[in-house]
Amino acid sequence: MSSFKGSEIYSIDSKGRVKIPARMLRSLSSEASETFMLNMGRNGCIYAYPKDEWEEIERKLKSLNQFAEKDIFFLRRYLMDITEVQLDGQQRLSIPQKYLEPAKISNEVEILGVLDHLEFWNPQKLKDYIASRDEKEFDEISEEVMTRK
């Protein structure tokens with residue numbers, strides 16, 4: 001089970017390869033087999049789920065009713081762009097252009113650890129996203145989220 005935290009800004013080369021920070025790789029379980037499942041995430045980032053964590057997502061997806069229109073639309077839309085990628089010998093992931101362009105990632109990428117997955121962001125987009133909510137709102141959200149039962 002992964003437990004990714006923190007963020008790092010790294011260069012991304014013209015082939016879409018980015019080195020994964022060593023401290024984040026230490027959180028990668030051996031069950032992931034150095035394999036990640038990529039998909040476009042919310043708010044314009046790219047999600048990268050380790051293979052073992054992705055299997056948990058798939059279990060949830062399999063519980064959806066494939067005869068219910070909303071469920072099947074969600075499944076089709078969510079799964080149509082999934083790509084499986086492996087870490088190379090230099091601990092890099094190759095991120096296909098079909099993700100980089102919509103995420104507006106070109107020379108630099110901010111890698112954000114979000115417990116069970118990594119997110120790849122255009123550094124300015126992430127900064128703008130965080131700044132779009134003030135500290136008071138974060139405090140209120142923190143209280144609400146952390147006191148849920």
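None of the figures in this text is laboratory data; all of them are computed from the coordinates on show. Just so we're clear, the structure is a prediction, and the values are computed from it rather than from any experiment. Ideal geometry is used to build each Cβ from the backbone, glycine not excepted, and the neighbour counts take in all protein chains shown.
Below is a table of values for the structure above.
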quantity: Top positive-direction residue, dipole computed over the chain with Cβ charges, set TYR47, GLY89, SER132; calculated: GLY89
quantity: Given [x] 16.3, 46; [y] 13.8, 39; [z] 36.2, 127, the label whose value is Rg and Dmax of the Cα atoms in Å derived from this model; calculated: [x]
quantity: Loop trypsin sites (Lys or Arg not before Pro), the range 22-66 (other Cβ atoms within 10 Å of the site Cβ: 13 or fewer; DSSP); calculated: ARG26
quantity: Pairwise label distance in nanometres, GLU108 with ASN43, each label 7 Å out on the Cα-Cβ vector; calculated: 1.9
quantity: Neighbour-count order for VAL18, VAL145, VAL85, VAL109, fewest beta carbons within 10 angstrom listed first; calculated: VAL145, VAL85, VAL18, VAL109
quantity: Low-density loop positions, chymotrypsin sites (Phe, Trp or Tyr not before Pro), the range 38-116 - DSSP coil, at most 11 other Cβ in 10 Å; calculated: PHE67
